[in-house]
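Comments concern the structure below.
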Protein chains: 4
Amino acid sequence: MKKTKTRNKRAHNPQATGLMSPNGTRFAEAAVCLAEIGKGFHARGWVLGTSGNFSAVISREPLRLAITSTGLDEQFLEMDEAANVVRGDGRPSAEALLHLAIVRGVDAGAVLHTHSVWSTILSGSHAAQGGIALEGYEMLKGLEGVRTHKHREWLPILENSQDMIELGEHVSKTLRESPGIHGFLLREHGLYTWGTGLQEAKRHVEILEFLMEVLVRSGAAQSA
Amino acid sequence: MKKTKTRNKRAHNPQATGLMSPNGTRFAEAAVCLAEIGKGFHARGWVLGTSGNFSAVISREPLRLAITSTGLDEQFLEMDEAANVVRGDGRPSAEALLHLAIVRGVDAGAVLHTHSVWSTILSGSHAAQGGIALEGYEMLKGLEGVRTHKHREWLPILENSQDMIELGEHVSKTLRESPGIHGFLLREHGLYTWGTGLQEAKRHVEILEFLMEVLVRSGAAQSA
Amino acid sequence: MKKTKTRNKRAHNPQATGLMSPNGTRFAEAAVCLAEIGKGFHARGWVLGTSGNFSAVISREPLRLAITSTGLDEQFLEMDEAANVVRGDGRPSAEALLHLAIVRGVDAGAVLHTHSVWSTILSGSHAAQGGIALEGYEMLKGLEGVRTHKHREWLPILENSQDMIELGEHVSKTLRESPGIHGFLLREHGLYTWGTGLQEAKRHVEILEFLMEVLVRSGAAQSA
Amino acid sequence: MKKTKTRNKRAHNPQATGLMSPNGTRFAEAAVCLAEIGKGFHARGWVLGTSGNFSAVISREPLRLAITSTGLDEQFLEMDEAANVVRGDGRPSAEALLHLAIVRGVDAGAVLHTHSVWSTILSGSHAAQGGIALEGYEMLKGLEGVRTHKHREWLPILENSQDMIELGEHVSKTLRESPGIHGFLLREHGLYTWGTGLQEAKRHVEILEFLMEVLVRSGAAQSA
């Protein structure tokens, strides 16, 4: 009787039926963390209307990412280095190519895209300058590798586009030409930032969103 | 003894006594979703003071809507195409006729009315222009059928009124004359938006509220 | 054995030992509701730093109020018509005399005092005018007895004072001279509003706080 | 068998192995309270990006503080009067010397550092004046020892620095020269405040953050 029970259990348990390869486990863990992060961002109004997308590298060789399913902020699938789905249903977020460009360009382990009121306003008001300079703020020290508030962080603004191949190349070019940046904005679209892991990437979101809020509330958008 | 218990249970269980017709089930499910959506909107300050009202179509032939009970944001009743109550106690929200006008005018499956600080300000500051143009924002792509941030969304502003028959006709006229819109404002009153289902309507609320917040924080209300 | 257990239970149960008179029950119910309302207001930032105080009438003859204990937003005691404590420990909130003046002046069943950023700003910027006029907003219809957005609501501003006897008389005078008002402000201090019961009073807080937020965000404080 | 189980349990239970000295208990209790306070502040956006740090005195002779572990807002360790770790893993927050300077300078029992948008803006806009005057606000009465809204609170602004020894001396000097203050700002960095215990310190955070928000929303940062 006990044995039968166990067998039944196995039949409904992906782990027991061998589905849980190391990648499978990493995917499942990443999906839980990504969903948790997305829920917190949604509560803060940073990814309203399914406007955010999030990814985490779960394998380097071959490259595999857990990434937001298109139009579903809290559902994830696994994709390969060509944005083909290898686990889960649906299509990856339209911005999948940008995530791949970032993972390759800066060797990131996680990429987070938020779409806040602050980044929407500033990326519009400062588009002509090509970016926003953040300087003198203690909060900058939370960015990986930054040691003093005297640091000057450049947050490039890229023209928005619906051509993801073109935009992905633009992202790659920006990452090559501006080494050391921690994020960039797409015009009237939002923020991309990253980290070696999800916690670092999440910290970068909080810091950059905070500093953009400071700028808007200081009147920077009006005087740009 | 066991049987008696079961019978007693049935007596208090609408499902067991046959009350749960297909419409009854759909009504119950819609009421749960509407309450959940309302609770989230209330937390964001979008429907303070029982100022919101929400509906979902649960049958087309004959037309039946689950709709907010007047003055009670989290209680719902079922009404027919003439706003008569066919299930539940109380009266439907005073704006029931607007919900019916929208359901008929654009074949919506759900209608949501929020009453935020942002829509109150903008519908006052832009009343003379008759509406607000939203253009260039990536967030627009979350509106059903929109494919590019270059889309120009027109958000008409209707004069507010306590005469719901007159206002309902005004809404019908607006929907006929501005095909393709995803919502409209009542002056110093708030936003109406809709969708084929509740999730789409909720997404439209988040997107339009977000874009109105962007406009107010960008100084649009002052420069109108 | 079972009997002993029951007896022990009773010994620790105020209800079983006769402490729960009708007033005791009403006090306990009011305290739960007041705490719930206070918690929600605190989350919205309307009563930071134990700056709010709340009361509910639990008996008219003789007059008894459940009211916030001084310095403890979520603890309550029962006081009589002279602000003497008749149940619970501690002292009633310093503003107890204002609650009593309101309960007597407008026959209110509940009085809520919030202390938001919005009321602090507006009561300072508009002090010279003696009050704030709210007109044209649909949200006004949520105030008891108001039927149209064309209603003009006058929100008087009283000079702040630490002399509660003097301030209580000022409140009584204001209520006599401005019949029909739904609340008033103390200068750079906050909002007092009320209702026949707690739900109505809570709705009035949400509506008046909302409208003050609209005014500040519209630039009213700068142009006063 | 049962005995073995108990012994195993003990081996992993600090309480059973005698680790729970009076200090150990006080540390554990302080850590729970500090974590709870930090979580609430994070929800309000006052300590984004692990930018906050919190401490509570758990013993005076010898001096022992529970304090935030560097980079981990919700993890705590115990340190002595020279900022050496005496319990827990990791290093204390880089600002440990400031906490010690405050505990010694004003005999505080708890020190809280928040890093809000409001304090970041105001400490920048008012740096040239050397501080911010808060006067006329009822909310001031929530500061320990303040009896009237007519009180004038001076909130000094110190130049930010990464040299914690220098900054600690600057803090000590400020506390000597401005007796009676309840907090100070570090330029474009944030607020430090304190109390005889954690609840008082938390109340001071809420009050000072509230008043800074009032100033920014009143336009004080633009007119400084």
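The values are calculated or read from the model by the stated rules, or taken from the named source; none is laboratory data. Computed from a predicted model, the values in this text were never measured in an experiment. Here the Cβ positions follow ideal geometry from the backbone for every residue, glycine too, while neighbour counts run over all protein chains shown. For accessibility, only protein heavy atoms count, side chains too; no ligands or nucleic acids. Shrake-Rupley method; radii C 1.70, N 1.55, O 1.52, S 1.80 Å.
Residue by residue through region D:203-214, what is 3J(HN,Hα) from phi via Karplus (6.51 cos²θ - 1.76 cosθ + 1.60, θ = phi - 60°)? Round to whole Hz and write x for glycine and proline.
These are the phi-based 3J(HN,Hα) values: 4, 5, 4, 4, 5, 6, 5, 4, 5, 5, 4, 4 Hz.
What percent antiparallel are the DSSP beta bridges of the protein assembly as shown, to the nearest 5?
Given both bridge residues lie in the protein assembly as shown, the antiparallel proportion sits at roughly 95 percent.
Enumerate the amide H contacts of A:G183 below 5 Å, restricted to partners 5 or more residues apart or on another chain; note that Pro and chain-start residues carry no placed amide H.
Result for A:G183 returns nothing.
Run the numbers on region A:141-224 and let me know its relative contact order in percent, using alpha-carbon pairs under 8 Å that are six or more apart.
It comes to 26 percent, rounded to a whole number.
What's the longest uninterrupted piece of chain D once you rule out the GluC sites (Glu not before Pro) that are loop residues per DSSP with at most 14 other Cβ within 10 Å?
D:1-80
Within 10 Å of each Cβ in B:39-45, how many Cβ atoms from other chains are there, averaged over the peptide?
On the way: counts 0, 2, 0, 2, 4, 3, 5.
Across B:39-45, the average partner-chain Cβ count within 10 Å equals 2.
Bins of 5 Å, beginning at zero and ending with the bin holding the largest distance: percent of Cα pairs per bin for region D:31-97, please.
4, 21, 29, 24, 14, 7, 2, 0
Could you identify the residue of D sitting closest to the D-A rotation axis by Cβ and state that distance rounded to whole angstrom?
Nearest residue, distance rounded to whole Å: D:A43, 6.
Compute accessible area for region A:179-224 by itself and then with all protein chains, 1.4 Å probe, and report residues whose area falls by 30 Å² or more.
Buried by 30 Å² or more upon assembly, which counts only protein chains, are A:E188, A:R203, A:E206, A:F210, A:V214, A:R217, A:S218, A:Q222.
Sum up the charges of everything whose Cβ sits under 11 Å from the Cβ of C:I157, counting Lys and Arg as +1 and Asp and Glu as -1, but leave C:I157 out.
Within the 11 Å Cβ shell, the charges total -1.
Relative to the longest principal axis of the C-alpha atoms of chain A, give the angle of the C-alpha long axis of helix A:2-11, reported between 0 and 90° and rounded to the nearest 10°.
40
Antiparallel versus total DSSP beta bridges in chain C: what percent is that, nearest 5?
95
Work out the mean other chain Cβ neighbour count within 10 Å for the residues of B:149-158 and drop it here as an integer.
1
Using a 1.4 Å probe over the heavy atoms of the protein chains, calculate the carbon and sulfur portion of the accessible area of region D:108-224 as a whole percent.
Within region D:108-224, the accessible surface is 47 percent carbon and sulfur.
Considering only protein heavy atoms, what is the solvent-accessible area of A:L140 at a probe of 1.4 Å, reported in Å² to the nearest 10?
Near enough 0 Å² of accessible area.
Average projected area of the Cα convex hull of chain D, in nm²?
13.7
Beyond 18 Å, what percent of the Cα pairs of region A:67-132 remain?
Working: 1057 of 2145 pairs.
Of all Cα-Cα distances in region A:67-132, 49 percent exceed 18 Å.
About the Cα centre of region A:87-221, what is the dipole size in debye to 20, counting +1 per Lys and Arg Cβ and -1 per Asp and Glu Cβ, all else neutral?
280
Where the centroid of each part is defined by its Cα atoms, how far is region A:72-113 from region A:145-162 in Å?
Spelled out, the Cα-based centre of one part sits 22 Å from the other.
Let's see if you can work this out: charge +1 on each Lys and Arg Cβ, -1 on each Asp and Glu Cβ, no other charges. What is the dipole magnitude of the protein assembly as shown about its Cα centre, in debye to the nearest 20?
The calculation lands at about 4940 debye.
Across peptide A:46-52, how many C-beta atoms of other chains are within 10 Å of each residue C-beta, on average?
6
I'd like to know which of D:I58, D:G142, B:V111 lies farthest towards the positive end of the charge dipole of the protein assembly as shown, counting +1 on Cβ of Lys and Arg and -1 on Cβ of Asp and Glu.
Farthest towards the positive pole: D:I58.
Relative contact order, percent, of chain C when contacts are C-alpha pairs under 8 Å separated by at least 6 residues? Numbers along the way, then the final one.
Numbers: 387 pairs, mean separation 40.3, N = 224.
Answer for chain C is 18 percent.
What is the protein assembly as shown by shape, rounded, prolate or oblate, if you read a ≥ b ≥ c off the alpha carbon gyration tensor as root eigenvalues and call it rounded for a/c under 1.5, prolate for a/b larger than b/c, and oblate otherwise?
It comes out rounded by the Cα gyration axes.
I'd like the accessible area for A:H151: 1.4 Å probe, protein heavy atoms, all chains in place, Å² to the nearest 10.
50
Given the rule -39500 (n - 2.57) for each run of at least 4 DSSP H residues, summed and divided by the residues of the protein assembly as shown, what is its mean residue ellipticity at 222 nm, to the nearest 500 deg cm²/dmol?
-12500 deg cm²/dmol
Classify region D:26-67 as rounded, prolate or oblate from the Cα gyration tensor: take a ≥ b ≥ c as the square roots of its eigenvalues, call it rounded if a/c is under 1.5, otherwise prolate when a/b beats b/c and oblate if not.
Working: a/c = 4.10, a/b = 2.25, b/c = 1.82.
It is prolate, given that a/c is not under 1.5 and a/b is the larger ratio.
What number comes out for accessible area per residue over chain D if the probe is 1.4 Å? Units Å², please.
Details: 9870 Å² over 224 residues.
Roughly 44 Å² per residue, with all protein chains present.
Under 15 Å from the Cβ of C:V32, count the other residues' Cβ atoms, weight Lys and Arg +1, Asp and Glu -1, and hand me the total.
Charge balance near C:V32 sits at -1.
Over both sides of the B-C contact, add up the buried accessible area with a 1.4 Å probe and give it to the nearest 100 Å².
1700
Let's test the formula: R0 of 56 Å, r as the Cβ-Cβ distance of A:K150 and C:R147. What FRET efficiency results, to the nearest 0.05?
On the way: r = 61 Å, r/R0 = 1.09.
Using R0 = 56 Å, I get an efficiency of 0.40.
Is any residue of region A:127-166 close enough, with backbone N under 17 Å, to a label point placed 7 angstrom from the Cα of D:T70 along the Cα-Cβ axis, and if so, which?
A:139-149, by backbone N distance to the label point.
Taking 7 Å along the Cα-to-C-beta vector as the label spot, tell me the B:A224-B:T196 distance in nanometres, rounded to one decimal.
Going by the 7 Å Cα→Cβ label model, 3.3 nm.
Does region C:131-224 classify as rounded, prolate or oblate by the C-alpha gyration tensor (a ≥ b ≥ c root eigenvalues; a/c under 1.5 gives rounded; else a/b over b/c gives prolate, otherwise oblate)? Numbers along the way, then the final one.
Values: a/c = 1.79, a/b = 1.24, b/c = 1.44.
It comes out oblate by the Cα gyration axes.
Name the residues of region A:112-126, by number, that are at least 30 Å² less accessible with every protein chain in place than in the isolated chain; the surface is that of heavy atoms, probe 1.4 Å, without ligands or nucleic acids.
A:H115, A:V117, A:T120, A:I121
At A:R152, with labels set 7 Å past Cα in the Cβ direction, how many nm apart are the copies from this one, shortest first?
Reported distances to equivalent positions: 4.0, 4.0, 5.6 nm.
Compute, for B:V146, the solvent-accessible surface of its heavy atoms (probe 1.4 Å) with the complete set of protein chains present, and express it in square angstrom to the nearest 10.
Surface open to solvent at B:V146 totals about 10 Å².
Compute the long axis of helix C:96-106 from its Cα atoms, compare it with the longest principal axis of the Cα atoms of chain C, and write down the angle in degrees, 0 to 90, nearest 10.
Approximately 70 degrees, to the nearest ten.
Tilt of helix D:164-177 relative to the longest C-alpha principal axis of chain D, in degrees (0 to 90, nearest 10)?
Around 60 degrees separate the two axes.
What trypsin sites (Lys or Arg not before Pro) in region A:59-108 are in a loop by DSSP, with at most 12 other Cβ atoms within 10 Å of the Cβ?
Loop-located and lightly packed - A:R60.
If D:T114, B:T70 are ordered by their accessible area, calculated over protein heavy atoms with a 1.4 Å probe, which sequence runs from highest to lowest?
So, going from the largest accessible area down, we get B:T70, D:T114.
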